[in-house]
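To keep things clear, I will list the structure first and then write my remarks on it.
Just so you know, all these numbers are worked out from the coordinates, no wet-lab data involved. Given the structure is predicted, the values throughout are model-derived calculations rather than measurements. FYI the Cβ positions are ideal-geometry reconstructions off the backbone, even for glycines, and counts take in every protein chain you see.
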Amino acid sequence: MTTVNKRYTLTQSQKMMVFILSMSLYGLSNMITELVPSVYFGPIEFSIEYFAFIPLTLCILFHPLYAAIGASLGEVIFGEIMLGQFGGFGELEKFIAFSLAMYVAGTFVRDPKNKWQVGTAAMLGVIIHQAISAMVDILKVWVGVEELEAVPGLVESVVVIEGFSFLNDVFFSGILFALLPTLYLVPRLYGKIEPLLGMKPRDRNDRYSLGEIIGPRLIVTGILLAAVAFFFEFLSESGINLVEWEVDFLEMFGDWFIWVSLGVALLVAVITITFMIKKKSKTNDTDQQKEKIPS
């Protein structure tokens, strides 16, 4: 396991920058998806679920844990809190499921230049996230904390509805907004964006067995986190929330308020990238001065 740990060696400040960058960029993309209308066919919704390629790319190129948590927090901050909508424990279910999915996808890739690994990781992340969400929704109906609006009284139909929604999200949003962009961006950005932000690229020549990366510990942890996600969603649907904030700025000020959250996310992303580039420039200047000093 020591070789795997070396793979993601970053300083604390670099980890924080990855966290903030992932939070702001994914929060920004989340606001863009809010502006795209959905299409409904009965109870089935066709929509852009998310631009998953952003956290996937960051998780693969940088530290998967900090990038995954940052993206999940970005959705909560810019997509919920800044719009006056915080659902308490219900948000924790989304946070845990998405963080887990992106983290697993990021750790799966051993060589960012290997398109097979990158593509598999992209779809794996989407499948894990959508599978957890679908299972939570199914269990909510089966347990009885939520009614199925599509076919009242027919609990079994939730499996069909959620199954179709799962396939739609995986094959529509998963392929168009996760697989294809990630396949394009990761191999091209690898080795180029990291030095620009003052970080060393991951060593693609290192080889790890799949068991070292996705082993029993990660699988057991994933199952436990999925169970915890359902537990928090169960509490939320049962009306048990320690913290719940419902102001709904969109109703108060109109749909244009989405642009406020979008603008803040963009500003945070620009400031973060600018700071990282300036820090890289200062480091280069310091190194050059040291080289000029005779020993």
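Points to keep in mind about this one:
- Going from the fewest other Cβ atoms within 10 Å to the most, the residues E34, E93, E49, E162 appear in the order E34, E162, E49, E93.
- HN-Hα J in Hz across region 31-36 - Karplus 6.51, -1.76, 1.60, θ = phi - 60°, x for Gly and Pro: 5, 5, 5, 5, 7, 8
- Residue pairs, from the table K113/K279; K115/K279; K15/K115; K94/K115; K192/K279; K94/K279, whose Cα atoms sit over 22 Å apart: K113/K279; K115/K279; K15/K115; K94/K115; K94/K279
- Annotation: the residues R188, R202, sorted from fewest to most other C-beta atoms within 10 Å of their own C-beta, follow the order R188, R202.
- Projected onto their three principal axes, the Cα atoms of region 48-142 cover extents of 40, 32, 23 Å, largest first.
- Counting beta carbons within 10 Å around each of M102, M199 and listing the fewest first gives the order M199, M102.
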